[in-house]
Amino acid sequence: MLLHHTFIDVAKRFGKKLAIHDFTTNRELTYARALIACFILVRYFRKLDPGFTGIMLPTSAGCILAKIATLMSGRIPVMINYSTGAEHNARYAQRKCDFRTIITSKGLLEKIECPHVDGMIYLEDVMAGVTKMQKLVAAITSLLPAGLLKKITHQGQEDDTAVILFTSGSEKDPKAVQLTHKNLRANVEAVGPIFNFRSEDIFMCTLPYFHVFGLMSTFWLPIHHGMTMLTYANPLDFKKVCTIVREHKATFIVGTPAFFWGYLRKSEDGDFASLRIAMTGADKCPDALREGFKTKHNITLYEGYGATECSPVISVNTPEFNRPGSVGKPIPGLAVRIENYQTGAECALGEDGRILVKGDSVMKGYFNDFEQTSLHIRNGWYDTGDMGNLDEDGYLWHVGRLKRFVKIGGEMVSLVKIEDILEKYLPEDSHCCVVEIPDAIKGAKIVAVVTTPLDEKATLKEMAKHLPTISLPKIFLVWENLPKMGSGKIDFRTISEMAREQLSRKSLS
């Protein structure tokens with residue numbers, strides 16, 4: 001079934017139930033009113049150019065409704081990252097996918113100081129132009145049986161593209177990932193039973209919908225089950241998020257470790273008492289963060305692993321099967337293979353290799369990029385570009401991107417492992433990122449960026465107890481903050497470039 005048809009079924013079933021409580025605009029919508037709003041937008045969207053339509057909106061009722069209405073009108077939403085370089089990202093998306101129209105908001109552009117880009121249409125103007133008659137027609141239309149509503153909205157196949165999302169660009173230029181209705185539905189249906197999700201759950205939705213983590217876990221997943229969504233556009237407003245969770249009794253919250261650190265610092269006793277599930281992903285979860293939530297709130301922070309190309313969940317720890325430090329067991333319907341990065345042979349249990357994935361959640365390919373698609377998908381197996389291993393109990397252990405391994409003196413060195421060891425000796429609330437810098441003699445030099453000054457000699461002495469000499473950082477840089485993507489992921493690309501620039505300036509001075 002198409003995703004927008006699922007929404008119609010859910011809206012008809014849970015009509016009077018609160019669907020969205022938007023804390024950015026203080027707006028509340030029942031499922032019935034959300035359905036009416038979608039039909040109001042469909043009338044307008046059908047006038048737009050066919051094919052792709054850009055959406056650059058914050059996590060809000062407006063974004064949810066615009067995305068569903070785009071699908072209902074037969075257009076394919078292209079989700080645009082507005083958190084960093086919004087103008088550049090908008091133009092990049094237009095060029096990459098060859099479209100013009102972008103649905104956005106004046107309020108958003110003013111807040112992020114983004115200029116108007118040719119082709120932008122403002123949601124405020126669209127809604128201001130809606131007449132009473134159009135509202136009445138949409139309301140009457142929404143009363144039709146679900147079967148008829150599906151017939152008067154866009155028809156299609158489950159293998160049709162449901163969204164274009166861009167890879168993070170933390171290592172190179174973003175690729176345009178085509179996820180189908182089938183891809184997203186398969187992921188939602190696999191995750192639901194293992195967490196016993198139900199319509200009574202209340203989801204705290206702060207992650208941006210231009211990121212697959214937010215799009216699946218705080219958009220299509222709660223809609224699929226007819227849940228209530230508490231949307232707030234600023235995940236960095238940690239205190240506000242904690243207050244919303246407490247006052248509105250959210251049962252589920254998801255985020256990156258960077259966001260959860262903020263929630264841990266700003267939360268008070270009882271803020272998270274209503275939570276059934278707290279889930280982190282996108283970056284490795286430090287032991288200290290897990291321990292902090294357990295100590296302060298008696299909450300288990302579950303860690304999962306995924307990729308944009310896999311819709312996104314690949315594996316996850318659950319209340320029934322939880323092994324801290326691992327990224328959990330592969331979700332039902334998804335096969336994971338660990339392959340030797342040199343020979344291509346399947347690895348033994350516990351042996352590190354490339355993580356390959358096969359199943360209905362795997363994308364149909366990168367848009368207009370046959371070369372990259374063929375490089376990443378071979379015989380139905382998607383090569384994540386990550387390294388890891390499976391243990392004897394079926395838990396997946398992620399040890400880092402293959403690109404986060406460097407060859408020094410003929411040895412493969414894991415930057416992620418160095419970070420894991422370094423984190424144990426950092427002051428409280430301090431964070432780190434380890435990157436490589438080209439070295440004329442050894443090929444690469446390891447640089448550790450930390451957010452708090454430390455005793456380098458003492459730290460290296462302790463790290464040497466766990467790491468060989470070639471894995472020890474040669475240089476420490478102290479920065480106030482680590483650059484992050486809009487999703488909260490560490491921006492390795494920017495950190496590497498900034499570190500190179502800083503060290504270059506030092507060598508010249």
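The values are calculated or read from the model by the stated rules, or taken from the named source; none is laboratory data. In this text the structure is predicted, and so the values were computed from the model without any measurement. Note: ideal-geometry Cβ built from the backbone for every residue, glycine included; neighbour counts use all protein chains shown.
Looking at segment 206-217, is at least one residue under 22 Å from Arg13 (Cα atoms) and touching a strand residue (DSSP E or B) at 6+ places or on another chain (Cβ under 8 Å)?
Yes, segment 206-217 contains a residue that is under 22 Å from Arg13 (Cα atoms) and touching a strand residue (DSSP E or B) at 6+ places or on another chain (Cβ under 8 Å).
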Whether any residue in segment 223-234 is part of a loop (DSSP other than H, G, I, E, B) and more than 24 Å from Glu28 (Cα to Cα) is what I want to check. no
Residues of segment 386-410 being touching a helix residue (DSSP H, G or I) at 6+ places or on another chain (Cβ under 6 Å) and surrounded by fewer than 17 Cβ atoms within 10 Å (Cβ to Cβ), in sequence order, are Gly409
Of those in segment 23-54 that are in a strand (DSSP E or B) and among the hydrophobic types (A, V, I, L, M, F, W, C), the residue surrounded by the fewest Cβ atoms within 10 Å (Cβ to Cβ) is Leu29
Taking segment 457-508 and keeping only residues that are part of a strand (DSSP E or B), in contact with a helix residue (DSSP H, G or I) (Cβ under 8 Å, 6 or more places away or on another chain) and within 21 Å of Lys424 (Cα to Cα), one is left with Ile475, Phe476, Leu477, Ile490
Counting only residues that are among the small types (Gly, Ala, Ser) and touching a strand residue (DSSP E or B) at 6+ places or on another chain (Cβ under 6 Å), segment 149-170 contains a total of 1
Only one of (1) of a type in the set (Gly, Ala, Ser); (2) closer than 24 Å to Ser217 by Cα; (3) not in a loop (DSSP other than H, G, I, E, B) does not apply to Gly74, and that is (3)
Query - Boolean, Leu108 is surrounded by fewer than 23 Cβ atoms within 10 Å (Cβ to Cβ) and either within 26 Å of Pro483 (Cβ to Cβ) or not β-branched (Val, Ile, Thr) (or both) - result: yes
Residue count, segment 308-348, condition under 19 Å from Gly400 (Cβ atoms) and loosely packed, with under 13 Cβ neighbours inside 10 Å, comes to 1
Inspect segment 174-196 for any residue being surrounded by 16 or more Cβ atoms within 10 Å (Cβ to Cβ), basic (Lys, Arg) and part of a loop (DSSP other than H, G, I, E, B) and give the result as yes or no. yes
Restricted to segment 274-307 and to residues being of a type in the set (D, E, K, R) and in contact (Cβ under 8 Å) with a residue 12 or more places away in the chain, the residue surrounded by the fewest Cβ atoms within 10 Å (Cβ to Cβ) is Asp287
If we keep only residues of segment 321-340 that are under 18 Å from Gly385 (Cβ atoms) and under 26 Å from the mean Cα position of the chain (by Cα), then the residue modelled with the lowest pLDDT is Glu339
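Of everything in segment 375-423, what is among the β-branched types (Val, Ile, Thr) and in contact with a strand residue (DSSP E or B) (Cβ under 8 Å, 6 or more places away or on another chain)? Give them in sequence order.
Answer for segment 375-423, where residues must be among the β-branched types (Val, Ile, Thr) and in contact with a strand residue (DSSP E or B) (Cβ under 8 Å, 6 or more places away or on another chain): Ile377, Thr384, Val399, Val406, Ile408, Val413, Val416, Ile418.
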In segment 354-412, anything in contact with a Phe, Trp or Tyr (Cβ under 9 Å, 6 or more places away or on another chain), without any contact (Cβ under 8 Å) to a residue 12 or more places away in the chain and in a strand (DSSP E or B) is listed as Met412
